[in-house]
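*Asks:* Okay, here's the structure, questions in a sec.
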Amino acid sequence: MKSRIVTFGEIMLRLSPKGYLRFCQADTFDACFGGGEANVAVSLANYGFESCFVTRLPENAIGQSAINELRRYGVNTGYIVHGGDRIGIYYLEKGASQRPGKVIYDRAFSAISTASRNDFPWEEIFKDCDWFHITGITPALSDTAADLVVEACKKAKELGVKVSCDLNYRNSLWPKNKAQITMTEICRSVDICIANEQDISDVFDMHAKESNVLTGKINKSGYMEVAEKLQKKFGFEKIAITLRESISASDNNWSAMLYDGNNYYFSKKYAVHVVDRVGGGDSFAGGLIASILFGYDPKEAIEFATAASCLKHSIEGDFNLVSKEEVDKLANGDMSGRIQR
């Protein structure tokens, strides 16, 4: 029987100028849907899992369009509830070369941020569930959203469901001191912690020595020490950290580390030419969850997750539209990019 995974969060409407135009140049915007936990749900559905995304959306044509998009990729939307007045929106201006990308959020008072605990019957939602995934973005949306995430994680833990969390700190949504308090409570129920090189510093004030995300300098031993501190603080079963070396907005080196409480496993490093980096961390999370559920050993798991995320950087939109076979092929060493006939 295939595993059942539940993710909970906000799906948003994404509006972007065409190509690499700046906001001030745009007279039209391309539209698609995306959001951290929804992106993970789509990845897992593409790998063949029973993937269920839980949220609250307004009962209008835009909310239904978001649901339709999830269904298109095989995600179970049966526990999406209707309510609220609006869907969250984010505007994305892609970066190029030395010009960074920009994101502007318009998600205040969105449907999920005004949801109540009566909207989500967690015991029913978690029936026959193997895994629950959340991020640090949803609790940043409002105090009520934070309470919902805390409640959901506690219920999942109580029912024996594996819980993963991507720290995903967003400084435009909440201050660091509030994030630390809330995420500390959430992480007490978390088994698998996922983060990038900056999140751990921002949320838990733990810094990797001799590393600098602005210059793209990564010191592996520094992140090994950070992982040990996190494991000691929360007792995580596994900690995965993505390691992005930003050469420019267009070119990154991409790798990751997995710590299982005893050993460290580092993936190979990919030289990535970025087509669209939004959703890169979510595709990593989806790949890591999938690889663990596939029964891969830790080295195979971190290679699969990193390869999945590498491929996402080549795909427009938030969703990582790749198959298990494509990820396995890259993870196993075929980096040629040669056309397949």
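*Asks:* DSSP beta bridges in region 175-298, what fraction antiparallel, as a percent rounded to 5?
*Replies:* Values: 16 of 21 bridges.
Just about 75 percent of them are antiparallel.
*Asks:* Could you work out the relative contact order of region 43-106? I mean the mean sequence separation of Cα pairs under 8 Å and 6+ apart, divided by the number of residues, in percent. Write down the numbers at each step before the final one.
*Replies:* Working: 82 pairs, mean separation 19.7, N = 64.
Relative contact order here is 31 percent.
*Asks:* Would you calculate a helix-derived [θ] at 222 nm for the chain, using -39,500 (n - 2.57) for each DSSP H run of n ≥ 4 and dividing by the full residue count, to the nearest 500? Write down the numbers at each step before the final one.
*Replies:* Numbers: 10 runs with 114 residues, N = 341.
Computed mean residue ellipticity for the chain: -10000 deg cm²/dmol.
*Asks:* Roughly what % antiparallel, to the nearest 5, for the DSSP beta bridges in the chain?
*Replies:* Values: 28 of 55 bridges.
If I count the DSSP bridges inside the chain, around 50 percent turn out antiparallel.
*Asks:* GNM, the chain, Cα, under 10 Å: largest mean-square fluctuation among F319, F234, F284?
*Replies:* F234
*Asks:* While we're looking at this one, here's another question. State the dimensionless ratio Rg/Rh of region 51-133 (Rg: radius of gyration of Cα atoms; Rh: Kirkwood radius). Numbers along the way, then the final one.
*Replies:* Values: Rg = 15.6 Å, Rh = 14.7 Å.
Over the Cα atoms of region 51-133, Rg/Rh equals 1.06.
*Asks:* Which residues' amide hydrogens lie under 5 Å from the amide hydrogen of M12, considering only partners 5 or more residues apart or on another chain, with H built in the peptide plane?
*Replies:* G34, G35
*Asks:* Enumerate the amide H contacts of I194 below 5 Å, restricted to partners 5 or more residues apart or on another chain; note that Pro and chain-start residues carry no placed amide H.
*Replies:* Long-range HN contacts for I194: C165, D166, L167, A240.
*Asks:* Run the accessible area of region 249-330 with a 1.4 Å probe and give the carbon-and-sulfur part as a rounded percent.
*Replies:* Numbers: 1380 of 2730 Å².
Solvent-exposed carbon and sulfur of region 249-330 make up 51 percent of the total.
*Asks:* So, one more: From the residues S246, L258, S201, which one has its Cα farthest along the dipole of region 169-302 in the positive direction, the dipole being from +1 and -1 charges on Cβ of Lys/Arg and Asp/Glu about the Cα centre?
*Replies:* Most positive-ward Cα: S201.
*Asks:* State whether region 1-86 is rounded, prolate or oblate according to the following rule on the C-alpha gyration tensor (a ≥ b ≥ c being the square roots of its eigenvalues): a/c under 1.5 gives rounded; otherwise a/b larger than b/c gives prolate, and the remaining case gives oblate. Each step should come with its number before you reach the end.
*Replies:* Details: a/c = 2.84, a/b = 1.62, b/c = 1.76.
Verdict is oblate for region 1-86.
*Asks:* Ignoring any ligand, DNA or RNA, what whole percent of the accessible area of region 1-143 comes from carbon and sulfur when the probe is 1.4 angstrom? Don't skip to the end; give the middle numbers.
*Replies:* Numbers: 3030 of 6120 Å².
Carbon-and-sulfur percentage of accessible area, whole number: 49.
*Asks:* Follow-up question, since we're still on this one. In whole percent, what relative contact order does region 284-341 give with Cα contacts below 8 Å and a gap of six or more residues?
*Replies:* Details: 43 pairs, mean separation 16.5, N = 58.
Here the relative contact order equals 28 percent.
*Asks:* Amide H to amide H under 5 Å from R4: which residues, 5+ apart in sequence or cross-chain, H placed 1.01 Å off N in plane?
*Replies:* Amide H neighbours of R4, under 5 Å, 5+ apart: D130, W131.
*Asks:* Could you state the accessible area per residue of the chain in Å², with a 1.4 Å probe and every protein chain left in place?
*Replies:* Roughly 43 Å² per residue, with all protein chains present.
*Asks:* Could you order the peptides 194-202, 147-155 from most to least packed, using the average number of other C-beta atoms within 10 Å per residue?
*Replies:* Numbers: 194-202: 22.3, 147-155: 20.0.
The most tightly packed comes first, giving 194-202, 147-155.
*Asks:* Rounded, prolate or oblate, given the Cα gyration tensor of region 115-167, with a/c below 1.5 counting as rounded?
*Replies:* Working: a/c = 2.45, a/b = 1.31, b/c = 1.87.
Cα axes put region 115-167 in the oblate bin.
*Asks:* State whether region 84-242 is rounded, prolate or oblate according to the following rule on the C-alpha gyration tensor (a ≥ b ≥ c being the square roots of its eigenvalues): a/c under 1.5 gives rounded; otherwise a/b larger than b/c gives prolate, and the remaining case gives oblate. Please report the intermediate quantities before stating the final value.
*Replies:* On the way: a/c = 2.18, a/b = 1.19, b/c = 1.84.
Because a/c hits 1.5 or more and a/b fails to exceed b/c, region 84-242 counts as oblate.
*Asks:* Need one number: the % of Cα-Cα pairs in the chain sitting beyond the 29 Å mark. Mind dumping the intermediate values first?
*Replies:* Details: 19502 of 57970 pairs.
So the pairs more than 29 Å apart make up 34 percent of the total in the chain.
*Asks:* Which entries in the list K18/K176; K127/K178; K220/K269; K209/K238; K155/K233; K102/K154 go over 23 Å, if you measure between the two C-alpha atoms of each? If you can, show how the numbers build up before the last one.
*Replies:* Numbers: K18/K176 33 Å; K127/K178 32 Å; K220/K269 12 Å; K209/K238 21 Å; K155/K233 21 Å; K102/K154 35 Å.
Violating the 23 Å limit, Cα to Cα: K18/K176; K127/K178; K102/K154.
*Asks:* What number, in percent, do you get for the relative contact order of the chain if the mean sequence gap of Cα pairs under 8 Å and at least 6 apart is divided by its residue count? Could you put the intermediate results ahead of the total?
*Replies:* Numbers: 736 pairs, mean separation 49.9, N = 341.
Relative CO of the chain lands at 15 percent.
The values are calculated or read from the model by the stated rules, or taken from the named source; none is laboratory data. Remember, predicted model here, so these are calculated numbers, not experimental data. Cβ: placed from backbone, ideal geometry, glycine included. Neighbour counts: every protein chain shown. Areas reflect the complete protein model, heavy atoms only, side chains present, ligands, DNA and RNA absent. Shrake-Rupley method; radii C 1.70, N 1.55, O 1.52, S 1.80 Å.
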